[in-house]
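Each value in this text was obtained by applying a stated rule to the coordinates, not by laboratory testing. These figures come from a predicted structure and were not determined experimentally. Here the Cβ positions follow ideal geometry from the backbone for every residue, glycine too, while neighbour counts run over all protein chains shown.
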Amino acid sequence: MLDFAIFAVTFLLTLVAAVLYLYPASRQAAGIPGITPTEEKDGNLPDIVNSGSLHEFLVNLHERYGPVVSFWFGRRLVVSLGTVDVLKQHINPNKTSDPFETMLKSLLRYQSSGANVSENHTRKKLYESGVTNSLQSNFALLLKLSEELLDKWLSYPESQHVPLGQHMLGFAMKSVTQMVMGSTFEDDQEVIHFQKNHGTLFMFSYFQVWSEIGKGFLDGSLDKSTTRKKQYEDALRQLESILKKIIKERKGGNFGQHIFIDSLVHGNLNDQQILEDSMIFSLASCVITAKLCTWAICFLTTSEEVQKKLYEEIDQVFGKDRITPEKIEQLRYCRQVLCETVRTAKLTPVSARLQDIEGKIDKFIIPRETLVLYALGVVLQDPSTWPSPHKFDPDRFDDESMMKTFSLLGFSGTQECPELRFAYMVTTVLLSVLVRRLHLLSVEGQLIETKYELVTSSKEEAWITVSKRY
């Protein structure tokens, strides 16, 4: 078994490996600046491992060679784009695929949809209506879960250190499972059971992908007798069994509360498509929501001025009244805080697209069927686009052009992924409830180091303290 430190280097390679597994390769370097393979079989994989993560590898590569760079993953050419200008040239002419879907479909052994543009558009609409309707129908539930967490934190003495990541994961699990899958997860024991399986699936992904890379990912070799393989399969079966039961119930019943699965059930999808889409959305939404909540609170604890301004907006919009869906839309500064959280944390540092046809970026030709990475973590820290890029400054999104750029990158507007839109609303409600009653404070001397995976997280638990406003 490979050393665990190597397994944990980067979850992002799951995405790369998945796309490379699903699609054929190009061997042409196409004259794009970059590095030659370090090893014939593994390409530049050793360089990525030595860098610490794919994101950190790309940061160094773009610093050395410019906005359009190339490297080798195994024997396959990969092109990375690292500025807004070159991304603009690539996004419009090329069809895009959801990186979470690509990665998770491969991980879960689901088939790639292969759907045409019309089918993908219809499916996207189902996702959008599922997110919108589940948030509207379950707003009271989301508020209740937020207030339960508030009550828990209010009961702590002011010196109590709160394990933020742990609490945010629990909150995200409760929110996502009930709003996606319904009342099955009202029981905390069901949530804990789901969380255990969720963790097994994602932890296994480290070992699965790296093991398959080591043995030959492209030929699908994997030691099927390993304990970890069995844990993965058992966890997947249990989660699928739960989802199948819920899908059957939602098809045959008339429920007052609309959940995400209902939109898929009422769409023109078969049971397997509903199962796969529900699984992918729930897994991705849990991790994105948990990390967005965690980073937003982390940044608020280190910026007293931003937290004060957010509190003033919340107080102005709601006063002493109850938080409502209509008024939550008025929290403009809160949305700026969340956008700046995504940017500063580099929440999803890499995305991937397949080059469907031969394309051109600047003076460079990108061969057909080349994997193209969007080095979003590089772009989000580019000083030519974001002045003082390492500063947490929500006011930068007062500028409409900044918001348009953010939308272009897929973090807002029509290109925003459903899982992120879901996370934005859940985090907005939570912050409204918490900041209204609490000062969120950092723990003195704590240094939060970043771990760049598919979704960026802290290497160690992030601790905070809280004090009552009233």
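Here are some notes:
- Full extension of the chain between Q330 and T36 yields a length gain of 100.7 nm, computed as 0.36 nm times the residue separation minus the alpha carbon distance.
- With Cα atoms defining each centre, the stretch 300-341 and the stretch 229-253 are spaced 38 Å apart in the structure.
- Residues S407, S278 arranged by fewest to most Cβ contacts within 10 Å: S407, S278
- Links that overshoot a 28 Å alpha carbon limit, given the list K309/K391; K152/K309; K88/K308; K125/K308; K391/K451: K88/K308; K125/K308
- Least to most buried among R436, R353 (fewest other Cβ within 10 Å first): R436, R353
- Backbone amide hydrogens, once placed in the peptide plane, bring E416 within less than 5 Å of nothing, excluding anything fewer than 5 places away on its chain.
- R322-N254 FRET efficiency (beta carbon distance; Förster radius 41 Å; 0.05 resolution): 0.90
- Net +/- balance of residues flanking Y452 in space, Cβ distance below 14 Å, scoring K and R +1, D and E -1: +1
- Using 0.36 nm per residue and subtracting the Cα-Cα separation, the extra length available between E128 and I365 on full extension is 81.8 nm.
- Taking a ≥ b ≥ c as the square roots of the Cα gyration tensor eigenvalues, the stretch 258-405 comes out oblate, since a/c reaches at least 1.5 and a/b does not exceed b/c.
- Fewest-first sequence of C293, C417 by Cβ atoms within 10 Å of each Cβ: C417, C293
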